[in-house]
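Note sheet for the following structure.
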Amino acid sequence: MQEDYSASSKGLYVNKVESLEGRRVPFIMGMDCSEVPSIECARASVSEAAYKNFEGNEADVFRTLKEAGITDIRVRIWNDPKDRQGRTYGGGNCDAANAIYIAKRCVKAGLGIIPGFHYSDFWADPAKQSVPKAWRGKTVSETAQLIYTYTRDTLEWIRSTGVHITAVQIGNETTGGMCGVYMDWKTTCRYMSAASRAVRDVTGPVSRGGAKIAVHLTNAAYGIKWAADKFRQCSLDYDIFGASWYPYYSSHGSFSNLRDEFMRIHEAYGKDVMILETAYAFTHEDLDGCGTTSLEVSNILSVPNQCRAVRDIIQGIADLGDWGLGICYWGGTWISASGTADGPTNLDLCKKYGCGWATSCARGYDPDAEDGGSQVDNQAFFLPDGTPLNSLKVFSLAYSGGIT
């Protein structure tokens with residue numbers, strides 16, 4: 001039987017997060033929306049609205065997010081996500097130009113931005129840290145200089161839009177290395193130091209309003225403090241130790257384990273901490289007909305439970321105190337390309353506009369790449385037709401509580 005996921009189908013009672021009161025620093029309610037421009041292009045090609053507001057009218061999704069309590073947009077940045085013929089790798093076409101376009105939208109909506117550099121031409125995670133095509137064959141010294149220059153120039157372009165750069169992420173899920181380097185922490189730290197220096201040179205020190213520098217690890221079930229130990233040994237200059245934590249991945253461990261790791265890192269090195277990626281699904285259903293990410297969960301998935309799960313994550317980080325800076329939800333806007341569950345249509349649109357997880361054009365760079373859709377539309381805060389779910393209001397309700 002088809003479940004009723006409409007935005008008005010259920011009232012949600014949300015307990016406010018008491019530990020958000022009296023903080024000396026703002027709590028970051030972030031969301032990664034890197035794929036939004038590509039989805040909007042796909043929807044425009046079939047004359048469909050991409051996103052709506054809570055009243056059901058077509059609206060700027062960034063304004064809707066702002067009204068729902070989001071403070072910052074996290075945007076992933078790939079160097080050159082195209083093949084030699086200029087065809088997109090997909091994943092939202094997340095080059096510097098896409099980040100700058102999103103930054104302009106953030107300015108209009110009153111949002112801050114968190115640029116996330118992957119230092120790769122496509123997805124970077126613990127298993128994949130591929131060097132950009134243009135940097136292949138370079139020495140360690142040459143690569144470090146390229147990282148510095150690329151980070152500096154891109155941040156200068158983003159900053160020129162007038163957007164507030166809240167933090168800058170140097171590397172994505174760098175549990176195993178970065179930019180073609182694996183398990184060589186001396187070189188990895190050298191690359192990160194080059195990126196860190198670029199952030200300071202462009203935005204200035206934090207004490208004068210500069211962006212905070214974030215490192216990003218994952219798989220906390222196996223421990224992550226060891227990475228902070230490595231960073232200390234190489235005198236890496238950074239402010240935030242961030243991690244991915246998805247409740248449905250066993251490799252990420254329990255939330256209490258993550259908090260314990262965060263506390264050990266803060267106690268040892270005084271670093272702020274933050275969840276840079278998290279998500280929770282509201283259904284097991286494949287909403288775009290192109291498949292979904294496998295979820296290691298047995299409990300009921302629903303709009304209310306999505307809301308409660310995110311609220312509890314916010315509570316857990318806020319309870320750490322001022323050094324628990326916030327969370328970033330991942331994939332909250334990644335809905336189907338056409339607004340329907342028509343798989344073949346969505347695959348065609350994703351391949352043309354790059355709004356799916358990947359396209360087969362990326363195989364020359366990532367041999368595992370194949371044409372695909374959203375993969376995470378069941379974890380979004382919007383229905384396929386762009387209508388926001390009531391669970392999106394969890395970010396503002398964390399401060400006030402109440403019923404949506």
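What follows draws every value from the coordinates through simple rules; no lab data is involved. If you're wondering where the values come from, they're calculated on a predicted model, not measured in any experiment. So basically every Cβ, Gly included, is an ideal-geometry build from the backbone, and we count neighbours across all protein chains shown.
Structure values in brief
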read-out: Karplus 3J(HN,Hα) series, Hz, for the stretch 215-220 with 6.51 cos²θ - 1.76 cosθ + 1.60 (x for Gly, Pro); value: 9, 9, 10, 8, 6, 5
read-out: Volume per residue of the C-alpha convex hull in the stretch 71-140, rounded to whole Å³; value: 109 Å³
read-out: 5 angstrom amide H check on D32, placed H, neighbours 5+ away; value: R74, Y329, W330, G331, G332
read-out: ³J(HN,Hα), Karplus 6.51/-1.76/1.60, whole Hz, each residue of the stretch 367-379, x for Gly, Pro; value: x, 8, 5, 8, 4, x, x, 5, 6, 10, 5, 7, 10
read-out: Integer Hz, Karplus 6.51/-1.76/1.60 couplings in order for the stretch 348-364, x for Gly and Pro; value: 4, 5, 5, 5, 6, 10, x, 9, x, 4, 6, 10, 5, 5, 7, 4, x
read-out: Positive-end residue, the chain charge dipole about Cα centroid, Cβ charges, pick of V273, W330, C350; value: V273
read-out: Unpartnered cysteines - no second Cys beta carbon under 4.7 Å - across the chain; value: C33, C41, C94, C106, C179, C290, C307, C328, C350, C355, C361
read-out: Separation between Cα centres of the stretch 39-57 and the stretch 75-141, rounded to whole Å; value: 24 Å
read-out: Descending Cα extents along the principal axes, the stretch 121-204, whole Å; value: 37, 23, 22
read-out: Equivalent ellipsoid semi-axes, the stretch 77-184, via Cα gyration tensor eigenvalues times 5, rooted, Å; value: 24, 16, 13
read-out: Rotationally averaged projected area of the stretch 1-148 (alpha carbon convex hull; nm²); value: 14.3 nm²
read-out: Selection from Y399, S38, C234 lying farthest towards where the dipole of the chain points positive, charges on Cβ; value: C234
read-out: Cross-link pairs beyond the 32 Å C-alpha cut-off, checked among K133/K230; K66/K133; K66/K351; K16/K230; K16/K186; K82/K104; value: K66/K133; K16/K230; K16/K186
read-out: Dipole magnitude of the chain about its Cα centre (Cβ charges: Lys, Arg +1; Asp, Glu -1), debye to nearest 20; value: 1340 debye
read-out: For the stretch 193-265, alpha-carbon Rg relative to the globular expectation (2.2 N^0.38 Å, N residues); value: 1.24
read-out: For D272, residues with placed amide H under 5 Å, excluding near neighbours; value: F241
read-out: Size of charge dipole - the stretch 6-128 - debye, nearest 20, with Cβ of Lys, Arg +1 and Asp, Glu -1, no other charges; value: 160 debye
read-out: Mean separation of Cα contacts under 8 Å, 6 or more apart, over the residue count of the stretch 258-404: relative contact order %; value: 29 percent
read-out: The chain - Debye-derived log10 I(q)/I(0), Cα point model, q = 0.10 Å⁻¹; value: -0.62
read-out: Long-range HN-HN contacts of G90 with modeled amide H, under 5 Å; value: T359
